[in-house]
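S.K.: Right, I'll just put the structure down here and ask away after.
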Amino acid sequence: MQTAIGTDITIAAAFLQAGELVAIPTETVYGLAANALDPAAVAKIYAAKNRPSFNPLILHLANTNQITDYAEADEMSLKLAHHFMPGPLTLLLPKKSNVPDITTAGSHKLAIRVPDQPLTLSLLSKLAFPLAAPSANPSGYISPTTAHHVMDGLHGKIPYILDGGSTKVGLESTICEVADNQIILHRAGSVTAEELSAFSGLPVIHNSAISQHVSQQVSENQPATPGQLKSHYAPHTPLFIGNIPQLLQEHAGKKIAVISLDTEYEGATNFKLATDHQLSTAASRLFGTLRKIDQSNFDLILSEIFPNEGIGVAINDRISRAQFILKH
Ligand code: TXA
Ligand code: MG
């Protein structure tokens, strides 16, 4: 199959209506989309990504009014949706029966979001169905933040990539769930725990802190957020995080790439993510930088731990999941 890159939403819509896959830009990362209500189309997503069949997909909608067409929504979830969407927030809600089981990998919960990307929003509003879309990378590799990243991983497997340029945020959406008068944060993103708590007045509990509570609700091979398996987001080049001067000493003699906010380390090739010192800049450049390093024959990647505030929490989450030690 030939893979084309373009900006034509009419072509994208035609492929999707025919049950084919199209990669779409969002404000977070590129998604690999199919008609969420067509089991055969959704099956193509799992095949193209080589995604485990137990890992559910996010439903992408044109606007928040459509949420109750596909999910049961409590009052607080709807408030969060109206406030944060379109935007990088995904909500977990009880699924309605019109959404096929394959879209949620058999789960009775459905992940929903309205992406804040003009091309994709106009594509969604042309379609008579919502789009199921995981990140548009082969399962286990780094999420794509440009159309070319998608091409690198999926060329020959999908007919069309809708090119919306570089994604604004650069890290996947925040995933949360309202339960028992608290908010469970399943994946950190640019909508922070502080923002969710300030807006809702509810405490925000991190998924790991309630893992016991969650494991009572879901079966063994269906973790609450399966994509939070530790081998996610990993580059091929081994990556270690921590104190850089110390790590450089331990790995002396190797060809090393160092990722930092804005520090020059001797004895390594430096990749500074944000000379403006903004964590949002660092977030938007992280995945592209990891890909670039991965294509450049380094023996090792070392990364600083970033300030653990705002979107820095999500950056630290992604780099710790990319760590070599955790991959096995
Ligand atoms: O920013 C994003 O969320 C991007 C763009 C394309 O929208 N999408 C994305 O999808 O990151 P994906 O599939 O790579 O990550 C979605 C995560 C996975 O960890 C998946 O397990 C989890 O959401 N998820 C989806 N549906 C779920 C469900 N019903 N219950 C629990 N976790 C779910
Ligand atoms: Mg993904």
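S.K.: Determine if segment 42-60 includes at least one residue that is under 14 Å from Ser135 (Cβ atoms), β-branched (Val, Ile, Thr) and part of a helix (DSSP H, G or I).
M.R.: Checking segment 42-60: at least one residue is under 14 Å from Ser135 (Cβ atoms), β-branched (Val, Ile, Thr) and part of a helix (DSSP H, G or I).
S.K.: Further, regarding this structure: If a residue has to be assigned to a helix (DSSP H, G or I) and surrounded by fewer than 19 Cβ atoms within 10 Å (Cβ to Cβ) to count, how many in segment 73-103 make the cut?
M.R.: 7
S.K.: Here's a follow-up. Return the only residue of Thr263, Thr289 being touching an Asp or Glu at 6+ places or on another chain (Cβ under 9 Å) and outside the structural domain of Gly153 (by TED's automatic domain parsing).
M.R.: Unique residue meeting the criteria: Thr263.
S.K.: Can you pull out the residues in segment 17-34 that are surrounded by fewer than 24 Cβ atoms within 10 Å (Cβ to Cβ) and touching a residue at least 60 places away in the same chain (Cβ under 8 Å)? Explain how you work it out, then say what you get.
M.R.: Pass one, segment 17-34, residues surrounded by fewer than 24 Cβ atoms within 10 Å (Cβ to Cβ): 17-20, 27.
Result: Gln17, Glu20, Glu27.
S.K.: Testing Val169 on (1) open to solvent by less than 30 Å² (accessible area, probe 1.4 Å); (2) closer than 24 Å to Asn50 by Cα, one condition comes back false. Which one is that?
M.R.: Failed condition: (2).
S.K.: Here is a follow-up. Within segment 122-138, is even one residue in contact with a His (Cβ under 8 Å, 6 or more places away or on another chain), more than 9 Å from ligand 1 (Cβ to nearest atom) and without any contact (Cβ under 8 Å) to a residue 24 or more places away in the chain?
M.R.: No - not one qualifying residue is present in segment 122-138.
S.K.: Considering Ile142, Ile175, Ile158, which residue is crowded, with 19+ Cβ neighbours inside 10 Å, assigned to a strand (DSSP E or B) and aliphatic (A, V, I, L, M)? Lay out the reasoning, then the answer.
M.R.: Numbers: Ile142 fails: assigned to a strand (DSSP E or B); Ile158 fails: assigned to a strand (DSSP E or B).
Exactly one residue qualifies, and that residue is Ile175.
S.K.: What tally of residues in segment 255-312 results from selecting those that are touching a residue at least 60 places away in the same chain (Cβ under 8 Å), out of contact with any strand residue (DSSP E or B) (no Cβ under 6 Å at 6 or more places or on another chain) and among the hydroxyl-bearing types (Ser, Thr, Tyr)?
M.R.: Of the residues in segment 255-312, 2 are touching a residue at least 60 places away in the same chain (Cβ under 8 Å), out of contact with any strand residue (DSSP E or B) (no Cβ under 6 Å at 6 or more places or on another chain) and among the hydroxyl-bearing types (Ser, Thr, Tyr).
S.K.: So if I check each of Lys95, Lys49, which one is free of Cβ contacts under 8 Å to residues at least 60 places away in the same chain and of a type in the set (Lys, Arg)? Write out each step before concluding.
M.R.: Numbers: Lys49 fails: free of Cβ contacts under 8 Å to residues at least 60 places away in the same chain.
The conditions single out Lys95.
S.K.: Determine if segment 209-223 includes at least one residue that is under 30 Å from Lys79 (Cα atoms), touching a Leu at 6+ places or on another chain (Cβ under 8 Å), open to solvent by less than 60 Å² (accessible area, probe 1.4 Å) and at pLDDT below 95. Steps first, please.
M.R.: Let us first name the residues in segment 209-223 that are under 30 Å from Lys79 (Cα atoms), namely 209-219, 222-223.
Still in the running and touching a Leu at 6+ places or on another chain (Cβ under 8 Å): 223.
Now restrict to residues that are open to solvent by less than 60 Å² (accessible area, probe 1.4 Å): 223.
If we keep only those that are at pLDDT below 95 as well, we get 223.
So far as segment 209-223 goes, yes, one or more of its residues are under 30 Å from Lys79 (Cα atoms), touching a Leu at 6+ places or on another chain (Cβ under 8 Å), open to solvent by less than 60 Å² (accessible area, probe 1.4 Å) and at pLDDT below 95.
S.K.: In this structure, is Leu110 in contact with a strand residue (DSSP E or B) (Cβ under 8 Å, 6 or more places away or on another chain) and within 16 Å of ligand 2 (Cβ to nearest atom)?
M.R.: Numbers: in contact with a strand residue (DSSP E or B) (Cβ under 8 Å, 6 or more places away or on another chain): yes; within 16 Å of ligand 2 (Cβ to nearest atom): no.
Taking the combined requirement at face value, the residue does not satisfy it.
S.K.: Polar (S, T, N, Q), within 30 Å of Thr281 (Cα to Cα), in contact with a helix residue (DSSP H, G or I) (Cβ under 6 Å, 6 or more places away or on another chain) and not assigned by TED's automatic domain parsing to the domain that holds Arg318: is that true of Thr28 in this structure? Before the answer, list the steps.
M.R.: On the way: polar (S, T, N, Q): yes; within 30 Å of Thr281 (Cα to Cα): yes; in contact with a helix residue (DSSP H, G or I) (Cβ under 6 Å, 6 or more places away or on another chain): no; not assigned by TED's automatic domain parsing to the domain that holds Arg318: yes.
Answer is no for this residue.
S.K.: Here's a follow-up. Scan segment 112-121 residue by residue and report those that are assigned to a loop (DSSP other than H, G, I, E, B) and more than 8 Å from ligand 1 (Cβ to nearest atom). Before the answer, list the steps.
M.R.: Going through segment 112-121, the residues assigned to a loop (DSSP other than H, G, I, E, B) turn out to be 114-117.
Val114, Asp116, Gln117, listed by residue number.
The values are calculated or read from the model by the stated rules, or taken from the named source; none is laboratory data. All of these numbers come straight from a predicted model, not from anything done at the bench. Ideal geometry is used to build each Cβ from the backbone, glycine not excepted, and the neighbour counts take in all protein chains shown. Ligands, DNA and RNA are excluded from the accessible area calculation, which covers all protein heavy atoms including side chains. Shrake-Rupley method; radii C 1.70, N 1.55, O 1.52, S 1.80 Å.
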